[in-house]
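Undergrad: Take this structure first; my questions come after.
The values are calculated or read from the model by the stated rules, or taken from the named source; none is laboratory data. What you are looking at is a predicted structure, and each value in this text was computed from that prediction instead of being measured. With ideal geometry, Cβ positions are generated from the backbone for all residues, glycine too; neighbour counts draw on all protein chains shown. Accessible surface is based on the protein model in full, side chains and every heavy atom, while ligands, DNA and RNA are left aside. Shrake-Rupley method; radii C 1.70, N 1.55, O 1.52, S 1.80 Å.
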Amino acid sequence: MIGNDIVDLALAQQESNWQRKGFLEKLFTEKEQHLILNSNNPELMVWNLWSRKEACYKIYNRASGQRVFNPIQFECEADRVVFGDNIFYTQTEITPDYVYTIALTTKKNFAAIQHLENQNNIQKANGIPNWLNTENAIVFPASISHHGRFVRVVVLG
């Protein structure tokens, strides 16, 4: 299973007030809040943790069919995120413009990720994307993320 999320940092800075009362407590565990508040760049840490949680939620949603998202129940630890009995592995790219995370259920599958340039051949069932490889008619799990100026489409297969 695969999930991804991207945060346009310029747009997030315009639209989100992560410092408002209750924001951190609603979305992040005590350990994560400690990471944020003790970071050299707290705002960047907020979006790093957020993108990881969101990417993992997309996997959970695909597997369970449930659309209930409670971010505080997804806890970021090093290169993984834990949600109940579920463990998701993440890789995050941080640039001056965006924070981008890919999440998988199996660490070794990072080598099998394909980045698509567009959403051609993406099919959705109940809002969940899959990519049809037209060369061999095989369907692969896909994840689409867009925020502000950025769009990322990834496929596991």
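Undergrad: Taking the Cα centre of the chain as origin and charging only Cβ (+1 Lys, Arg; -1 Asp, Glu), how large is the dipole, in debye to the nearest 20?
TA: 320 debye
Undergrad: Then there is this: Enumerate the calculated ³J(HN,Hα) couplings along the range 35-52 in order (Karplus 6.51 cos²θ - 1.76 cosθ + 1.60, θ = phi - 60°), each rounded to whole Hz, writing x wherever the residue is Gly or Pro.
TA: 4, 5, 5, 9, 7, 5, 9, x, 5, 5, 5, 4, 6, 4, 5, 4, 5, 5
Undergrad: Over the Cα atoms of the range 1-136, each weighted equally, I'd like the Debye log10 I(q)/I(0) at q = 0.10, 0.20 Å⁻¹, rounded to two decimals.
TA: After summing over all Cα pairs, the log10 values are -0.35, -1.28.
Undergrad: Could you tell me the accessible area of Glu93 in Å² (1.4 Å probe, neighbours in place), rounded to the nearest ten?
TA: Approximately 80 Å² of Glu93 is accessible to the 1.4 Å probe.
Undergrad: Could you give the Stokes-Einstein D for the range 1-45 in µm² per second, using the C-alpha Kirkwood radius, 25 °C, 0.890 mPa s?
TA: Result for D is 207 µm²/s.
Undergrad: What list of ³J(HN,Hα) values in whole Hz, one per residue of the range 88-99 in order, does the Karplus curve 6.51 cos²θ - 1.76 cosθ + 1.60 (θ = phi - 60°) give from phi, with Gly and Pro shown as x?
TA: With coefficients 6.51, -1.76 and 1.60, one gets 10, 9, 10, 10, 10, 10, 10, 10, x, 9, 8, 10 Hz.
Undergrad: Within the range 1-105, which trypsin sites (Lys or Arg not before Pro) sit in a loop by DSSP and count at most 15 neighbouring Cβ atoms inside 10 Å?
TA: For trypsin sites (Lys or Arg not before Pro) across the range 1-105 that sit outside H, G, I, E and B with at most 15 neighbouring Cβ atoms in 10 Å, the list reads Arg20, Lys21, Arg67.
Undergrad: Which whole-Hz couplings ³J(HN,Hα) result when phi for each residue of the range 60-68 is put into the Karplus expression 6.51 cos²θ - 1.76 cosθ + 1.60, θ = phi - 60°, listed in order with x for Gly and Pro?
TA: Result, ordered by residue: 4, 4, 4, 6, 9, x, 8, 9, 7 Hz.
Undergrad: Determine how large the accessible area of Val139 is when every protein chain is in place; take a 1.4 Å probe and give Å² rounded to the nearest 10.
TA: Taking all protein chains as shown, Val139 has close to 80 Å².
Undergrad: Now for a different question. Before rounding to the nearest 500, sum -39500 (n - 2.57) across all DSSP H runs of length at least 4 in the chain and divide by the residue total; then give [θ] at 222 nm in deg cm²/dmol.
TA: My calculation for the chain gives -8000 deg cm²/dmol from helical runs alone.
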